[in-house]
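Any read-out appearing in this document is the output of simple, stated calculations on the displayed coordinates, not a laboratory observation. As the structure is a computational prediction, the values presented were derived from the model and not from experiment. Ideal geometry is used to build each Cβ from the backbone, glycine not excepted, and the neighbour counts take in all protein chains shown.
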Amino acid sequence: MTRDGNAGFSVDAAHAADREKRISYAPRPPHDVPDFAALRTRALAATQQARTTLDDVEASHG
């Protein structure tokens, strides 16, 4: 029970929530970001390898 008699709600909590909304934080860079350039390079290499393999399979089956 809170001091205003309502369970689960208080004026102090409401004011704290309002103050929290006014606080803004600058965006921070994410930690442990994957190396997208390396991932893209690996994906392109895998795609080219798959296409080469498929071309070889199609050529061998006539």
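Side notes on the structure shown:
- Each of 11, 33 was scored by other Cβ atoms within 10 Å of its Cβ. Arranged with the fewest first, they read 33, 11.
- Angle in degrees between helix 11-22 and the longest Cα principal axis of the chain, rounded to the nearest 10: 40
- Percentage, to the nearest whole number, of Cα pairs in the chain over 15 Å apart: 76
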